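Please treat every number below as a calculation from the coordinates, not as lab data. The structure presented is a predicted model; accordingly, all values stated were derived computationally and were not measured.
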Amino acid sequence: MPDIDRRHFTRMKLAKPILGMVKGQSALILDIGMGGAFVENYGAAKTGDRTTLSFNWRGEEIAFECEIARTDIIRPASGKGQAMVSHSAIEFKEPFGSSAERLQDMMAVFVGRMLAAHKSNAAAQDDGNGATLIQLGQARRSRTRGFLRYTFEGKAWTVLPTALGSQPPNGFTVGAYEDQEELETLCRAYEAADKEGRNLIRLVAELSVAAAKK
């Protein structure tokens, strides 16, 4: 898994849950991000437990070894044979095969669609299809290493190079290879966006960080 700070990754709420498997049992993925997911699953788990999550996207399997970050029982087992159901936040630890790259491609598609539909996001309005910093296979990469951390102080931005790919609470971190003009557009979009829009921008930034680590 790309070295994103998993404690602060952003998850995207899915309009339609994805059917997956947790420890071989059916589960519904309700939210997902580059660092983990929020699932509805059968049975109970404990914080710190190790598990596996797998699901299919475009005919290919995506699977990770995971750790339970927290879990809540939303429906207890009943004497009528009704199984216990939990909601669990899980963190991705290790991918199986090329699952990290497949997840990145999937997230790029999902976030691009959301940006295109999010009218308050200037980055989406500029190109009409949410492509800004999303078309990772076509990104202008160079030998530039590291990342750029953009921190918004209310009226002005502070931009600093960093070796860490974690996201700040008031701004975003992207790969240092990104185009300056597009990053300025992303800053303007962040300033104008509501909470949902800023979460989308953080998802874009996390995709950029993941691409920089390839």
Percent relative contact order for region 6-97, counting Cα pairs under 8 Å at least six residues apart, stands at 26
Surpassing 23 Å at the alpha-carbon level, of the pairs Lys16/Lys46; Lys13/Lys195; Lys155/Lys195; Lys13/Lys80, are Lys16/Lys46; Lys13/Lys80
Averaging 1/r across every pair of distinct alpha carbons in region 6-97 and inverting yields a Kirkwood hydrodynamic radius, in angstrom, of 13.4
If the chain between Arg70 and Ala44 were fully extended at 0.36 nm per residue, the gain over the current Cα-Cα distance would be 8.3 nm
